[in-house]
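One structure is given below, encoded as C-alpha coordinates.
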Amino acid sequence: NYHIRGAVSTGQASAIYWNDPDEMKLSVIIDGNREFLTKSEYDAKKDQITKVEGVAVIDGGEKFAVQLKDAQQNSLQNLTTVKDLYGDIVPTELQAMIISAKMNEINNAIKTFGGTMIDTGHAYVTAATTVSNGRFLKCMIGPDGTLGYNDYGVYVRGVVNLTD
(Lines give C-alpha, C1' and ligand atoms only; values in the text may rest on other atoms or scores of the structure.)
Protein backbone atom coordinates (compact mmCIF):
# COMPACT_ATOMS: atom_id res chain seq x y z
CA ASN A 1 0.00 0.00 0.00
CA TYR A 2 1.25 3.43 -0.93
CA HIS A 3 0.27 6.80 0.48
CA ILE A 4 0.20 9.95 -1.63
CA ARG A 5 0.83 13.42 -0.30
CA GLY A 6 0.48 16.03 -2.99
CA ALA A 7 2.30 19.35 -3.05
CA VAL A 8 1.76 22.43 -5.19
CA SER A 9 3.90 25.54 -5.31
CA THR A 10 1.84 28.57 -4.33
CA GLY A 11 4.28 31.31 -5.19
CA GLN A 12 3.39 32.99 -1.89
CA ALA A 13 6.18 34.76 0.00
CA SER A 14 4.35 34.63 3.33
CA ALA A 15 3.17 31.64 5.33
CA ILE A 16 -0.19 30.08 4.52
CA TYR A 17 -2.13 28.71 7.48
CA TRP A 18 -4.55 25.85 7.00
CA ASN A 19 -7.59 24.94 9.06
CA ASP A 20 -7.59 21.70 11.00
CA PRO A 21 -8.20 19.01 8.33
CA ASP A 22 -10.71 17.34 10.68
CA GLU A 23 -12.84 20.48 10.67
CA MET A 24 -14.66 19.96 7.40
CA LYS A 25 -17.47 22.41 6.75
CA LEU A 26 -21.10 21.96 5.83
CA SER A 27 -22.32 23.46 2.57
CA VAL A 28 -25.74 25.09 3.02
CA ILE A 29 -28.01 27.52 1.22
CA ILE A 30 -29.17 30.58 3.19
CA ASP A 31 -31.23 33.27 1.45
CA GLY A 32 -30.22 31.87 -1.95
CA ASN A 33 -26.50 32.00 -1.17
CA ARG A 34 -24.14 29.12 -0.49
CA GLU A 35 -22.30 29.25 2.81
CA PHE A 36 -19.74 26.89 4.35
CA LEU A 37 -20.34 26.46 8.07
CA THR A 38 -18.44 24.98 10.98
CA LYS A 39 -20.44 23.02 13.55
CA SER A 40 -20.86 26.03 15.82
CA GLU A 41 -21.90 28.26 12.90
CA TYR A 42 -24.35 25.58 11.78
CA ASP A 43 -25.88 25.37 15.26
CA ALA A 44 -26.24 29.17 15.36
CA LYS A 45 -27.82 29.46 11.89
CA LYS A 46 -29.98 26.29 11.76
CA ASP A 47 -33.24 28.21 11.53
CA GLN A 48 -31.97 30.32 8.60
CA ILE A 49 -30.93 27.38 6.40
CA THR A 50 -33.03 26.76 3.31
CA LYS A 51 -31.14 23.66 2.16
CA VAL A 52 -28.33 21.48 3.48
CA GLU A 53 -26.15 20.31 0.57
CA GLY A 54 -23.65 18.20 2.53
CA VAL A 55 -20.05 18.10 3.72
CA ALA A 56 -17.91 20.23 1.42
CA VAL A 57 -14.95 18.52 -0.24
CA ILE A 58 -12.45 20.52 -2.26
CA ASP A 59 -9.66 18.31 -3.51
CA GLY A 60 -8.12 16.92 -6.69
CA GLY A 61 -9.47 19.82 -8.74
CA GLU A 62 -13.00 18.91 -7.62
CA LYS A 63 -15.48 20.94 -5.55
CA PHE A 64 -18.51 19.04 -4.29
CA ALA A 65 -20.56 18.28 -1.20
CA VAL A 66 -21.22 14.74 0.03
CA GLN A 67 -24.82 14.39 1.15
CA LEU A 68 -25.43 13.51 4.79
CA LYS A 69 -27.46 10.34 4.13
CA ASP A 70 -27.76 7.57 1.56
CA ALA A 71 -30.36 8.27 -1.10
CA GLN A 72 -32.16 5.00 -0.28
CA GLN A 73 -32.35 2.57 2.62
CA ASN A 74 -31.76 -0.74 0.84
CA SER A 75 -29.44 -1.82 -1.93
CA LEU A 76 -30.62 -1.55 -5.52
CA GLN A 77 -30.09 -4.39 -7.97
CA ASN A 78 -30.67 -2.64 -11.31
CA LEU A 79 -28.10 -0.13 -12.54
CA THR A 80 -30.52 1.43 -15.04
CA THR A 81 -32.96 2.15 -12.21
CA VAL A 82 -30.15 3.64 -10.12
CA LYS A 83 -29.05 5.98 -12.90
CA ASP A 84 -32.64 6.90 -13.82
CA LEU A 85 -33.52 7.77 -10.21
CA TYR A 86 -30.23 9.19 -8.98
CA GLY A 87 -28.11 9.98 -12.04
CA ASP A 88 -27.96 13.68 -11.20
CA ILE A 89 -26.40 13.07 -7.78
CA VAL A 90 -24.17 10.03 -8.43
CA PRO A 91 -20.50 10.95 -7.92
CA THR A 92 -18.11 10.91 -10.85
CA GLU A 93 -15.32 8.35 -10.83
CA LEU A 94 -12.83 10.95 -9.54
CA GLN A 95 -15.22 12.24 -6.88
CA ALA A 96 -15.81 8.67 -5.66
CA MET A 97 -12.06 8.06 -5.45
CA ILE A 98 -11.63 11.28 -3.44
CA ILE A 99 -14.50 10.31 -1.11
CA SER A 100 -12.93 6.90 -0.63
CA ALA A 101 -9.49 8.39 0.04
CA LYS A 102 -10.93 10.86 2.57
CA MET A 103 -13.53 8.45 3.95
CA ASN A 104 -12.56 8.80 7.62
CA GLU A 105 -12.51 12.61 7.56
CA ILE A 106 -15.77 12.79 5.60
CA ASN A 107 -17.50 10.27 7.87
CA ASN A 108 -16.35 12.19 10.97
CA ALA A 109 -17.79 15.41 9.52
CA ILE A 110 -21.03 13.70 8.45
CA LYS A 111 -21.45 12.39 12.00
CA THR A 112 -20.67 15.83 13.46
CA PHE A 113 -23.48 17.38 11.40
CA GLY A 114 -26.01 14.68 12.34
CA GLY A 115 -25.86 12.58 9.19
CA THR A 116 -25.44 8.85 8.68
CA MET A 117 -21.86 7.82 7.98
CA ILE A 118 -21.00 6.15 4.68
CA ASP A 119 -21.06 2.41 5.36
CA THR A 120 -17.64 1.01 4.46
CA GLY A 121 -19.24 -2.43 4.05
CA HIS A 122 -21.54 -1.26 1.24
CA ALA A 123 -20.80 -0.70 -2.43
CA TYR A 124 -21.80 2.75 -3.66
CA VAL A 125 -22.53 3.41 -7.31
CA THR A 126 -20.47 5.93 -9.29
CA ALA A 127 -21.03 7.47 -12.71
CA ALA A 128 -18.44 4.96 -13.97
CA THR A 129 -20.22 1.88 -12.55
CA THR A 130 -21.09 -0.78 -15.10
CA VAL A 131 -22.51 -4.29 -14.86
CA SER A 132 -20.86 -7.36 -16.32
CA ASN A 133 -21.94 -10.94 -15.62
CA GLY A 134 -24.07 -9.73 -12.71
CA ARG A 135 -21.12 -7.94 -11.09
CA PHE A 136 -21.17 -4.19 -10.42
CA LEU A 137 -17.80 -2.76 -11.50
CA LYS A 138 -16.14 0.55 -10.46
CA CYS A 139 -18.05 0.97 -7.20
CA MET A 140 -16.89 2.99 -4.22
CA ILE A 141 -16.16 0.46 -1.47
CA GLY A 142 -14.29 1.41 1.66
CA PRO A 143 -11.55 3.90 2.47
CA ASP A 144 -8.62 2.98 0.23
CA GLY A 145 -9.08 5.55 -2.56
CA THR A 146 -9.81 3.01 -5.28
CA LEU A 147 -12.94 1.69 -6.93
CA GLY A 148 -13.82 -1.98 -6.75
CA TYR A 149 -16.50 -4.48 -7.69
CA ASN A 150 -19.49 -5.93 -5.90
CA ASP A 151 -21.57 -9.02 -6.62
CA TYR A 152 -24.66 -7.73 -4.83
CA GLY A 153 -26.71 -4.53 -4.95
CA VAL A 154 -25.42 -0.99 -4.74
CA TYR A 155 -26.24 2.03 -2.61
CA VAL A 156 -26.26 5.70 -3.56
CA ARG A 157 -24.53 8.46 -1.60
CA GLY A 158 -25.25 11.59 -3.54
CA VAL A 159 -23.06 14.57 -4.19
CA VAL A 160 -23.84 18.18 -5.06
CA ASN A 161 -21.40 19.86 -7.42
CA LEU A 162 -20.26 23.18 -5.98
CA THR A 163 -19.84 25.62 -8.83
CA ASP A 164 -18.79 29.23 -8.39
- Query: Quick one: length gained pulling R135 to E105 fully straight, 0.36 nm per residue minus the C-alpha distance?
  - Reply: 7.9 nm
- In debye to the nearest 20, the charge dipole size for the range 73-157, taken about the Cα centre with +1 at each Lys and Arg Cβ and -1 at each Asp and Glu Cβ, equals 20 debye
- Length added when fully stretched, Q48-R5, from 0.36 nm per residue minus Cα-Cα: 11.7 nm
- Note on the structure: Nearest-0.05 FRET efficiency for T81 and S40 at R0 = 35 Å, using Cβ-Cβ distance, is 0.30
- Item | Burial order of peptide ranges 69-76, 24-31, 58-65 (average beta-carbon count within 10 Å, highest first) | 24-31, 58-65, 69-76
- Please calculate how many Å² of accessible area the chain carries per residue, with a 1.4 Å probe and no DNA, RNA or ligand atoms counted. 62 Å²
- Item | Assigned charges on the beta-carbon of Lys, Arg, Asp, Glu; the chain dipole about Cα centre (debye) | 200 debye
- Query: Quick one: length gained pulling L94 to Q73 fully straight, 0.36 nm per residue minus the C-alpha distance?
  - Reply: 5.1 nm
- Message: Rounded to the nearest percent, how much of the accessible area of the chain (1.4 Å probe, protein heavy atoms only) is carbon and sulfur?
- Response: 47 percent
- Query: How many lysine pairs in the chain, separated by 8 or more positions in sequence or lying on different chains, have Cα atoms less than 20 Å apart?
  - Reply: 26
- Could you estimate the translational diffusion coefficient of the range 30-164 from the Stokes-Einstein equation, with Rh from the Kirkwood formula over C-alpha pairs, at 37 °C and 0.692 mPa s, in whole µm²/s? 215 µm²/s
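The values are calculated or read from the model by the stated rules, or taken from the named source; none is laboratory data. Because the structure is a prediction, the values reported are computed rather than measured. No Cβ is skipped: glycine too gets one built from the backbone with ideal geometry, and neighbour counts run over all protein chains shown. Just the protein is used for accessible areas: all its heavy atoms, side chains included, with ligands, DNA and RNA removed. Shrake-Rupley method; radii C 1.70, N 1.55, O 1.52, S 1.80 Å.
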